[in-house]
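The values are calculated or read from the model by the stated rules, or taken from the named source; none is laboratory data. Because the structure is predicted, anything quoted here is derived from the model rather than measured. A quick note on method: Cβ atoms are made from the backbone with ideal geometry, for glycine too, and the neighbour counts reach across all protein chains shown. Note: areas computed on protein heavy atoms with side chains; ligands, DNA, RNA excluded. Shrake-Rupley method; radii C 1.70, N 1.55, O 1.52, S 1.80 Å.
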Amino acid sequence: MTTKHLYNKVIGLALVALTFMACSDTWDDHYDKKGEGTIDATLWQAITQDGNLSNFAKVVQACGYDKALNSSQVFTVFAPTNDQFSAQEADELIAGYNAEKGKVIEDDNTVIKEFIQNHIAMYTHSVAPTSNDSLVLMNGKKTMLTANAFGNNQILTNNQHYSNGVLFTIQGKAQYFPTVFEYLRKDADLDSIASFFYNDRFYRKEFVPERSVAGGLENGKTIYLDSVFVQQNDLWDYLWAYTNEEDSTYWQVVPTNQVWKQLIEEYEPYFNYDKNVPFRDSMAYTLPRLAIVNGTTFSRTLNPDTHLTDSALSTSAAERYTYRDSYWGNKNLHYYQFGGKSAENTQKPFSATGIFSDTDDVICSNGLVKKTNDWKINKLNTFYQWIIVEAEESNSIKEVSKAENSITHDMEPTIKNVIRRVMSDNRFNGKVWNNAYVEFQQQKTTVNHSVTFNIRDVLSNIPYDIYVVTAPAFANDSNATEAERIPVKMKCSINFHDQDGVTQTEVLQSSISNNPDVVDYILISDPEKGFTFPTATWGLAESEPQTTLTLETKVSSSELRTKKFDRTMRIDCIMLVPHGISNVNEERFEIAPHGDGDIFQWLKN
């Protein structure tokens, strides 16, 4: 997904719909202001006339909610008395409100959200001796309402009906439990990640007219009695982690400011785009931070306790094997998943080196924030991925060599791309990647040929081991003749952009040849250093990829005549593997064997 696409996505809600939660309530009940026993006064008048609610009233008025409680809108208010809510507490809340006023959206003001709206519900709600209802407050939080208790607070007086709602008094202020998302900016140790999630590039509030209550027309415009706004954050959809929702449960591993700074310093060079890339500055900011948070959030629905002892599947993972195959080129690449049945004990989530070890756990209304100073999420398990270019895929080949037709003078391909499938009864089935390869057959036998492959999603300033993987003729025909089993000799060149957007070409190998009777993994980059790209293409939607790899046959006429080498290339795939991956236990990714043995074992040898 590109950053540009990410910005354009509209995603899930943060505030639960303000619906009618009490089972006995009807639409008319909510707006019935003059029922039996109703006192002819507003909620605000009732609150100000009760001396034991003076501290609560002072905060309500300072925050401007006295106007709402004195209007025709209908509310249920749960007001803490002065006995358990002191004047000093009220003054501290007012100071907190004023400190944020004008700096954040009004509904995001901490005092509005966590105190005022935490004591008020829309519409009328009453209790009976058998009441046991789940009530949605103005801030979207759910709390239990029984005959005697509002959440964990004892109800002192109840069911006082006024012209615009119902008043309860309670013992002490209601406790506010933040969601995982909300907690990020409540903890000073998490300022860095909070500023990313709350950045206005992604986070905003949107008015939802279809869920608001219309009150008529004024000057041709609809006037709303109750206006419903919802939180929107593009990052929730990108990560498939709606950590704002009260009805879901998540664990999120969160880096402290110290760890965030270290990771940004390490990751920013990996996303260095050339100066001509659209949205370059925006991507340079966003993508290193996405690299940190991708794979940090875990839905408890997908990760019950019985599973977490063995492995943890983040919301960024591909849950199904078929998805992994299309996303990453092989169903056994378990990115954004930690542990697994074949993983060593040291890789399991709760092991000493696991991702859930040494975290400080903070209980939230919808899960846990697991903050840590010891980052154990390995980039090899997340964004630093294998790049597998399957030769047979339609968008893999950029171009093939052409020569002039002596009769028509048209430029025509010198080779023909023929896709070969490996049948289930063939001994190379399961050894050729995706059980398919391309045979580049000669159309003009007097010249050497070339094919150029598109390579997408490379990171900058990270070394890759680059492989050309060839397939044997036996993979298509178990009875392939000796003439069809001749090695090919090739020159390998890599093409990429420099910082100014100018294409550079570097010859990786001037002459390589393959073993024609096996699936051959030919390392064409420096065995000690790998190959490092100066600029990245990770996340770009490229119609003309910046990075390409060209294979060119380098077979002389005499070599062709003596059948020492051939010009027919059988290319399975091009692979870019993070350099040094052989130092990582092969079971981390559970790569299936390829060729005549495990590719990791082949790398080690």
Along Cα→Cβ, 7 Å out, is where each label goes; now give me the distance between the ones at Lys103 and Thr445 in nm to one decimal.
8.0 nm
Counting all C-alpha pairs of the stretch 410-535, share separated by more than 24 Å (%):
40 percent
At a probe radius of 1.4 Å, what is the per-residue accessible area of His579, in Å² to the nearest 10?
60 Å²
Spatially proximal lysines relative to Lys103 (Cα-Cα < 19 Å; intrachain offsets below 8 disregarded)
Lys113, Lys186, Lys205
Distance histogram for the stretch 158-298 (every C-alpha pair counted, 10 angstrom bins, percent rounded to whole numbers)
9, 27, 26, 20, 12, 5, 1
Estimated 222 nm signal from helices in the chain, with DSSP H stretches of n ≥ 4 weighted -39500 (n - 2.57), rounded to 500
-4500 deg cm²/dmol
Considering only DSSP beta bridges whose two residues both sit in the chain, what percent are antiparallel, to the nearest 5?
85 percent
Residues with amide H under 5 Å of Ala149's amide H, sequence separation 5 or more or different chain, H placed in the peptide plane at 1.01 Å from N; which?
Ile155
Counting other Cβ atoms within 10 Å of each Cβ, which trypsin sites (Lys or Arg not before Pro) in the stretch 231-285 have at most 13 and sit in a DSSP loop?
Lys275
Based on the Cα gyration tensor of the stretch 271-325, what are the three equivalent ellipsoid semi-axes, each the root of five times an eigenvalue, rounded to whole Å and given largest first?
33, 13, 8
Quick one: dipole size for the chain, taken about the Cα centre, charges +1 on Lys/Arg Cβ and -1 on Asp/Glu Cβ, in debye to the nearest 20.
1140 debye
Three principal axis extents, largest first, for the C-alpha atoms of the stretch 46-201, in Å?
48, 30, 30
Under a crude label model (7 Å from the Cα following the beta-carbon direction), how far is Ala128 from Tyr224 in nanometres?
3.3 nm
What percentage of all Cα-Cα pairs in the stretch 245-290 are separated by more than 16 Å?
52 percent
Rg/Rh for the stretch 455-508: what does it come to with C-alpha atoms and Rh from Kirkwood?
1.16
Calc'd 3J(HN,Hα), the stretch 67-80, phi into Karplus 6.51 cos²θ - 1.76 cosθ + 1.60 (θ = phi - 60°), Hz, glycine/Pro = x, comes to 5, 5, 6, 10, 9, 7, 5, 10, 9, 10, 10, 10, 9, x
Translational diffusion coefficient of the stretch 87-170 at 10 °C, 1.306 mPa s, Stokes-Einstein with Kirkwood Rh over Cα pairs, in µm²/s as a whole number.
112 µm²/s
Taking only the alpha carbons of the stretch 367-429, what extent do you get along each of the three principal axes, in Å, biggest first?
73, 36, 20
What does the net charge come to around Thr256 if you take all other residues with beta carbon closer than 13 Å to its beta carbon, with K and R at +1 and D and E at -1?
-3
Residue-ordered couplings for the stretch 412-426, obtained by feeding phi - 60° into the Karplus form 6.51 cos²θ - 1.76 cosθ + 1.60 and rounding to whole Hz (Gly and Pro as x), are 10, x, 8, 9, 10, 8, 10, 7, 10, 9, 9, 6, 5, 8, 7
Please work out, to two decimal places, the log10 of the ratio I(q)/I(0) at q = 0.09 Å⁻¹ from a Debye calculation in which every Cα of the chain carries one identical scatterer.
-0.82
In nanometres, what is the gap between the two model label sites at Arg204 and Asn417, each 7 Å from Cα along Cα-to-Cβ?
4.0 nm
Those residues of the stretch 401-430 whose amide nitrogen sits under 20 Å from the label point placed on Thr503, 7 Å along Cα→Cβ:
401-404, 411-415
Could you run the Karplus curve 6.51 cos²θ - 1.76 cosθ + 1.60 with θ = phi - 60° over the stretch 255-266 and give me ³J(HN,Hα) per residue in whole Hz, x for Gly and Pro?
x, 5, 4, 4, 5, 4, 4, 5, 5, 4, 4, 6
Report the Cα centroid-to-centroid distance between the stretch 433-477 and the stretch 131-180 in angstrom, as an integer.
67 Å
Among the listed pairs Lys331/Lys376; Lys67/Lys101; Lys142/Lys173; Lys331/Lys416, which are separated by more than 21 Å between their Cα atoms?
Lys331/Lys376; Lys331/Lys416
Ile466: net charge of surrounding residues, Cβ under 15 Å, Lys/Arg +1, Asp/Glu -1, itself excluded?
-4
